[in-house]
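The values are calculated or read from the model by the stated rules, or taken from the named source; none is laboratory data. Here the structure is a predicted model, which is why all the values come from computation and not from measurement. Using ideal geometry, Cβ is built from the backbone for each residue, glycine included, and neighbour counts are taken over all protein chains shown. Quick note on the areas: whole protein, heavy atoms, side chains included, nothing else; ligands and nucleic acids left out. Shrake-Rupley method; radii C 1.70, N 1.55, O 1.52, S 1.80 Å.
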Amino acid sequence: MRLHALQHVPFEGLAKIEEWAARCGHQVTSTRLYAQETLPGIDSFDMLVVMGGPMGANDDARFRWMKGEKLVIELAIQREKKVLGVCLGAQLIAGILGAKVYANPQKEIGWFPIELDPPNVRHNPLNVLPQRATVFHWHGDTFDLPKGAVHLARSRACENQAFAVGTNVIGLQFHLEMGLPQIESLLRHASADITSGDFVMNAEEMLDLAPSQVPPLNAALYRFLDSFTQS
């Protein structure tokens, strides 16, 4: 499989997704949008992974590359490529499919549980997670479900944590791909996001929990990607 990533900032790359791809022998390419790299041709990849970033899904006026990025995502969906959106990536997919993207009532940053939505998740690759799973969050925005999308997960802070459109498109508001280096990088580059809130952990809490949370999170990511790419 030829996997292509759309990366919005240097500190939010594929992380453990790249390790999974290497293990499976998949070809990996990427477009670093922040570096003004050229977007891929639609026939040059089989799977598109749209990563996170601090910008908003409606920030086309601030980031001139976003219009072209949205077109690539839209074409990938139309051509029935596998499309996975993570955090901002999920918000971009939702917006492209006609849903509203807006500020969540509360930020959600750190290790917090999600609840899967049975029976919707029963036949979805996300069913590799337990009914209640602690995952890593770093977002202030949310989205409405696109028309025709299936709701897969929620948290106390955010109703729409995951959705699917058919078998080829999945959006995850949360992060399964983070390892300790990626969390440390977020803390270095986006520490201003850490403000007071019921669902905002401080840096020490996030790092203290990482050794126990990262391994099962990454194991779930591998199982999820195996299932998603084979469905």
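Rounded to a whole number of µm²/s, how large is the Stokes-Einstein D of the stretch 1-50 at 25 °C and 0.890 mPa s, given Rh as the Kirkwood radius over C-alpha pairs?
221
Roughly how many percent of the accessible protein surface of the chain is carbon and sulfur, given a 1.4 Å probe and a whole-percent answer?
Of all accessible area on the chain, carbon and sulfur atoms account for 49 percent.
Tell me the Kirkwood radius of the stretch 48-125: reciprocal of the mean inverse pair distance over distinct alpha-carbon atoms, in Å.
It works out to 14.1 Å.
With an 8 Å cut-off on Cα pairs and a minimum separation of 6 or more residues, tell me the relative contact order of the stretch 1-121 in percent.
25 percent.
Over the Cα atoms of the chain, what Rg and Dmax result, in angstrom?
Using the Cα atoms of the chain, the pair Rg, Dmax is 16.1, 45 Å.
Once all Cα-Cα distances of the stretch 111-231 are split into 10 Å bins that start at 0, what whole-number percent is in each one?
12, 44, 33, 10, 0
Straight-line reach from LYS67: which lysines have Cα under 20 Å away, leaving out those fewer than 8 places along the same chain?
Cα-Cα hits under 20 Å: LYS81, LYS100.
Output the relative contact order of the chain, whole-number percent, from Cα pairs under 8 angstrom with separation of 6+ residues.
Dividing the mean separation by the residue count of the chain yields 20 percent.
Semi-axes of the stretch 130-174's equivalent ellipsoid from the Cα gyration tensor, sqrt of 5 times each eigenvalue, largest first, rounded to whole Å?
18, 13, 9
Evaluate the distance, in nm, between pseudo-label points positioned 7 Å from the Cα of ARG2 and of GLN36 along their respective Cα→Cβ axes.
2.6
Taking a spot 7 Å from the Cα of ALA103 along the direction of its beta carbon, which residues of the stretch 143-166 have an amide N less than 18 Å from it?
143-144, 157-159
For the chain, what proportion of DSSP beta bridges, expressed in % and rounded to the nearest 5, is antiparallel?
50
Could I have the simple spin-label model distance between GLN230 and ASP46, label points 7 Å from Cα toward Cβ, reported in nm to one decimal?
Output for this residue pair reads 1.4 nm.
What number comes out for accessible area per residue over the chain if the probe is 1.4 Å? Units Å², please.
Spelled out: the 1.4 Å probe surface of the chain, per residue, equals 44 Å².
Looking at the chain as a GNM with Cα springs under 10 Å, which of HIS139, HIS26, HIS175 has the largest mean-square fluctuation?
In the Gaussian network model the winner is HIS26.
Roughly speaking, what is the stretch gain from ARG156 to ALA190, that is 0.36 nm per residue apart minus the C-alpha to C-alpha distance, in nm to one decimal?
Here the segment from ARG156 to ALA190 would lengthen by 9.9 nm.
Looking at PRO216, MET178, GLN36, which one has the Cα that reaches farthest to the positive end of the dipole of the chain (charges on Cβ: Lys, Arg +1; Asp, Glu -1)?
Checking the options against the dipole of the chain, the answer is GLN36.
For the stretch 10-85, which semi-axes, largest first and in whole Å, follow from the square roots of 5 times the eigenvalues of its Cα gyration tensor?
So the three semi-axes of the stretch 10-85 are 21, 16, 11 Å.
Using a Gaussian network model of the chain whose springs link C-alpha atoms within less than 10 Å, name the residue from PRO181, PRO146, PRO216 with the highest mean-square fluctuation.
Highest fluctuation among the options: PRO181.
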